[in-house]
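Please read the structure below before turning to the comments.
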Amino acid sequence: MRVRLRSQPLFLSVCLLLGLATALDTEPGSESLQSCAATFRAVESCLPAAPSFVPASSSANDTMQCLQGAMEQHGGFDGCLEGTWGLVRDCAREGVKMGACLQRHGVSEHLIPATMGFARPDGGLGARDKNRTSACGQALEAASQSLKGAEAVLASGRVALVFTVLSKLFQQLNETGVPPSYLIGGHVQSFGDVDACKAIGGFQYCWMQLDFLPSVRAGVCLPQECSLEDMANVTNVLLQAVGEAKGLRHGYSTAGNDTDMPVIDFAHVQGQCGDYQFPATVGTWIMLTVTLVLVGLVLLGTWLDYRERRAKELEAEGLDEDGEAHDDYTRLDQDEESMPDEDVDRTGKRGWGQGRDGRKSEQKDAWMDQEVEKARLLEGGHSSRGSCGQNQPEDPPLSRRLLSCFSLYRTWPSLVGPAREGPFNALDGVRVFSMSWVVLGHLLVFPVELTSYTNEDAILPPEGLLTTYAGQAIISAEFSVDTFFCIGAFVAAYALTKHLQKALAPASLPAPSAPAANYKSENGLSTQPSSQRHPKKKALGWTWVPMLYLHRFLRLSPLYFYILAMYLHVQKVVNSGPFWGLLQQDYDQCAQYWWTNVLYINTLVPWNGVMGCYAVSWYMSVDFILFLLLPFLVLLYVKNKALGYLLPAVLWTASVIYAYYLNLANGTSQFTFGTSITEMGSYQRDYYFRAWTRAPVYLIGVLCAFFWLDHTAAVHHAKDKNKSVGISSHWLVRVFAHNRKHRLSLPIAGMFFVSFVLLALTCYGAQPAYHRPLAPFWDSSYLALSRSAWCIGLMLLCFLLFQGYGGLIKGLLENRVCAVLGRLTFGSYLVHPALILLIYGDAVVPIHYSVIWVSFSFLGLLTTVFLFAAVGFLLVEKPFANLERMLFAGKAQSKKET
C-alpha cells in the first residue's frame, strides 16, 4: 500500500493534466458551479490539515477511502473543470478582481487554482490566443493517448519536483538565513533530454527558469502547438497535484498569505520553446559583404605583388612572362657568333665583361640584387624601392599602393618575422601568457551564464575550486588585464618620450666654415655666432596631441569595430538552439548602445550598465580614456623631470585612496563571487570597469618608463666613460654598470626575490577571504593595493629581463613562438569571448567540471582563438595599419616638401 501511495502524486498529476487538456477546448456548460465547489470542499476535507508529505500507511487507507466516498457522493469531477474554466473567463471579462468574482459566485478562490484558467496570481488573465490555447489542449489530450506522449514524458525533466524542492529550500533559507549548499551547487535543475524530444515528431523542447534565480532550470517536452506560457501553466498544474496529494495549499489565498507550494508567475518566467533562431538583418548582409570585399582585396593585392615580383625575376633572367628569351638576348647570341677572334683570349675564354658570359654576369648581379631585395621583404623589412607607406622616386598609382597594403607579401612577414631588436622582447612572452590566463579564466566563468555546470559547488565558493590555492591561480586572471594596462602604458610612454625628446632637441647646425679656434679672440672670448653657440630648440606646436589621439583611434578601431560588428550581426545568425536566446540581452544592449563603443565611452554610458555591449569591450574604453592623459604626463616629464614623476604619483595616490574608501563605505568587495549577484554587480560597476580605479597600474607603467629612460641613460653613460661609477651614483647604476656578464649577484637575486614575493602575494593572498570574511581594513586594503603590487612586481621582473638577466625565464619569454603569438594578443583578446559564447551557447546540457575537461577545453580553445586572431591580423589589423602608416607618412612627406 505504501508503494501505491507514493505513486499517487504522479497519478493525480496525469489526471489533472488530461483534465486541463479537455477543459482548454470546451465552452462553459450549464453544470452547477456550487456542486463543483462542494466536490472540491469534500476532497479538501479528506486531505490532512497540516502540511506533510505522504502520510503513514495507517492514515493513508482512511484518506483513500474518504476520497473515494467524496467522489461517489458528488458525482466526481465530470463537468467541473469545464464550468470552472468558463467562470474564470467570465470573471476576466468583467474586469474585476478574480477573488471577488469567485466569491460572488460562491466559489472559494483557493479551490480553483488560478493556473487552471491561465490566470495569474494577481487576479488578471495572461494575454492568450484562444485558438493557440485550444490547439495546445488538443495536442496534450491526443498525446496522452499515444506512444508519443509516453516518449515525451521520458524526454522531459522533473519540472514539478524541481520547484517543489525549491520551495523547501527557500523555507530552509528563511529559517536559517544560510543559503542551502544544494541550491548554491546548481543541483536544483532538470533539463531532460533535448535530442530525444527533437526526435519525437510534432514535439518541441521547452525550458524555463525564473528571472530572479537563473540557476534553477527545468525542461519539458511539449507538443509544437504549446508555448512557454503553456509550460508554466502545466508546471503549476503539476505543482497543484503534488500539493493536493501531500495536503499542501496551492495558489494565493484570499487573505494574501504565502502558500506552502510555489506558484509560478509567468511575468517572472524566462525560457524558450523550440530552437531560438535570430533572423538575418541588413547588418548581417553588410558585414558578409565587407568580409568578402576584404578577402578580395587581400587576394588581389597578393596576386599583383606576385606578378610584379615574378616579372622582375624574369626580367633579371632575360625572359619574358612566358619564360621565353627576350629579343635582345637572342640578338646577343647572334652578336657572339659574329664577334672577332681577337676578343677571345689565348685560353679560349672571352674577356670579363665581354660577350655572352660577361653580359650574363651582369644579369646575374641584377638577379642577386633582386634576391637580396626579396629576402629583405620576406624578413619583414621594407623594400629599398619603397612600400605601401612610403613615397618612392617613381610612385605607382594610389590604387596600386592601397592594394599593396593588403598583400600577404606585406602582412605575412610582419606576423611571422623575427622579433625587433631591442631590450623589450620579453614583453611578447608576457603578453602571450597573460592572454592565455584570460582565456582560462573566461573558460570557467562564461558557462555559468549559459547552461552552467552540473557541479557548480565544485568550482564556486564556499568549498569549490576557486577557494583553493590552485583555484586562486585561475581566479587571479583578473591581474592579467592589469598586466596589459601596465605594459601598454610602459611601451607607449617610452616611445612617446623618445619621440618628444628628439622633437624638442636643439636643431642640428651645419659645420662651421672655419675651425672652432678661429672664433676665439685674443682674450679667449668666443666670437662664434650666438645662433651656433646656443642653438634654439624646435617648436613643437599643439597639433601633435590631437594627431596622437587620431593615430591611436585609427590603430585600435579597425579590428575592434570589425569583430564587434561581426558579433552583433553575423555570429547570432550562424547558430540556433534552445539556449541560444540567452544572448538576446547582450544583443539588445549592443543595438541600443553600439555608438558608445565607437566613441570609447561604453564604461561611462550607460552609467549603471555593468557589462555593456560585448563582454570585454570595457577594456578598450578604459585604455583609451587613460591614454588621453599620456601626452600631458610625458610632456611634463620632458620639460621638468621632477614634476613628471610627481604628478603621476599624486594621481596614483588619489586613485588608491578612492578605491579604499569605496570598499569601506559601500562594501564593494571583490570577494563576493558566487555569493551575491547584487554585490558582484556593484564591484564590477563601481570599481572593475572604471578608468579612475584602474588608473594606478597605468600610472605605474608610465613611471616605470620614465625610470627606465633615466636608469639606462645613467648606465650607458657609466659604461661609455669606461671608468668606475662614483659613490654619488645610484646603487642600481653601480650594480648594472659593473656586472657586464649578467651574473646573478646578491643584489640581482634580491630583486628577483622581491618580484616573486609581490606576484605571489597578490595572486594567492586572497585565498583566506573565501573561507572567512576579512576585516574591513584588510578587505579594503587588498582591493586598493593588490593591483599596484602586482604591477610593481611584474615591472621589476621585466627590468631584470631587459638588462639581460633571467636565464630560463628570459629564454622562455623571448622565444620565436612568443614573438609571433605576441602580435596576435590584441586580436585574441577581442575575439575570444565571441568564440566562447558560440561554443557554450550551442550546448544543450550542463557541463561537468573536471580537471581533464578544463585541460583539453583550454588547449583547444586557445588554439582556436589564436587561429582566428591570425586571420583577423592578416585580413584587417595589419592591412589597415599599413594604410594608417601610409596616410601619416604622406602627410609627413608633404610637410617636409613644404
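Pick from the stretch 301-342 the residues that are modelled with pLDDT of 90 or more and hydroxyl-bearing (Ser, Thr, Tyr): which of them is surrounded by the fewest Cβ atoms within 10 Å (Cβ to Cβ)?
Among those that are modelled with pLDDT of 90 or more and hydroxyl-bearing (Ser, Thr, Tyr), it is TYR306.
Within the stretch 467-476, track down each residue that is under 27 Å from LEU838 (Cα atoms) and either among the acidic types (Asp, Glu) or open to solvent by 10 Å² or more (accessible area, probe 1.4 Å) (or both).
Listed by number, the residues that qualify are ALA473, ILE474, ILE475.
Would you mind stating whether VAL298 is in the same structural domain as GLY219 (by the TED database), surrounded by 14 or more Cβ atoms within 10 Å (Cβ to Cβ), at pLDDT 65 or above and over 25 Å from the mean Cα position of the chain (by Cα)?
Here the answer is no, as VAL298 does not meet what is asked.
Could you tell me which of the residues LEU651, LEU626, LEU664 is open to solvent by 60 Å² or more (accessible area, probe 1.4 Å), modelled with pLDDT of 95 or more and aliphatic (A, V, I, L, M)?
LEU651
Give me the pairs, please: first residue somewhere in the stretch 158-184 and at positive phi, second residue anywhere and surrounded by 14 or more Cβ atoms within 10 Å (Cβ to Cβ), beta-carbon distance under 9 Å, and either six or more positions apart or on two chains.
The qualifying pairs do not exist here.
Does any residue of the stretch 842-854 turn out to be among the aromatic types (Phe, Trp, Tyr) and without any contact (Cβ under 8 Å) to a residue 40 or more places away in the chain?
Taking every residue of the stretch 842-854 in turn, at least one turns out to be among the aromatic types (Phe, Trp, Tyr) and without any contact (Cβ under 8 Å) to a residue 40 or more places away in the chain.
What number of residues in the stretch 185-226 are open to solvent by 50 Å² or more (accessible area, probe 1.4 Å), assigned to a loop (DSSP other than H, G, I, E, B) and either without any contact (Cβ under 8 Å) to a residue 40 or more places away in the chain or out of contact with any strand residue (DSSP E or B) (no Cβ under 7 Å at 6 or more places or on another chain) (or both)?
Counting residues in the stretch 185-226 that are open to solvent by 50 Å² or more (accessible area, probe 1.4 Å), assigned to a loop (DSSP other than H, G, I, E, B) and either without any contact (Cβ under 8 Å) to a residue 40 or more places away in the chain or out of contact with any strand residue (DSSP E or B) (no Cβ under 7 Å at 6 or more places or on another chain) (or both) gives 5.
Residue-by-condition table, conditions (1) over 27 Å from ASP211 (Cβ atoms); (2) charged (D, E, K, R); (3) open to solvent by 20 Å² or more (accessible area, probe 1.4 Å); (4) at pLDDT 90 or above:
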residue: PRO578; (1), (2), (3), (4): no, no, no, yes
residue: LEU583; (1), (2), (3), (4): no, no, no, no
residue: TRP594; (1), (2), (3), (4): no, no, yes, yes
residue: LEU599; (1), (2), (3), (4): yes, no, yes, yes
residue: GLY612; (1), (2), (3), (4): no, no, no, no
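Hey, could you check the stretch 266-295 for residues that are surrounded by 13 or more Cβ atoms within 10 Å (Cβ to Cβ) and of a type in the set (Gly, Ala, Ser) and say which is nearest to the chain's Cα centre (by Cα)?
Top of the filtered list is GLY283.
Being over 19 Å from the mean Cα position of the chain (by Cα) and either modelled with pLDDT of 90 or more or at positive phi (or both) is the requirement here; does VAL545 meet it?
yes
Take TYR587 and tell me if it is in the same structural domain as PHE624 (by the TED database), within 27 Å of THR451 (Cα to Cα) and either touching a residue at least 24 places away in the same chain (Cβ under 8 Å) or touching a Ser or Thr at 6+ places or on another chain (Cβ under 7 Å) (or both).
Against the criterion (in the same structural domain as PHE624 (by the TED database), within 27 Å of THR451 (Cα to Cα) and either touching a residue at least 24 places away in the same chain (Cβ under 8 Å) or touching a Ser or Thr at 6+ places or on another chain (Cβ under 7 Å) (or both)), TYR587 qualifies.
The values are calculated or read from the model by the stated rules, or taken from the named source; none is laboratory data. None of these values were measured; they are calculated from a predicted model. Note that we place each Cβ from the backbone using ideal geometry, even for glycine, and neighbour counts take in every protein chain shown. Protein only, heavy atoms only, side chains kept; ligands, DNA and RNA dropped before computing areas. Shrake-Rupley method; radii C 1.70, N 1.55, O 1.52, S 1.80 Å.
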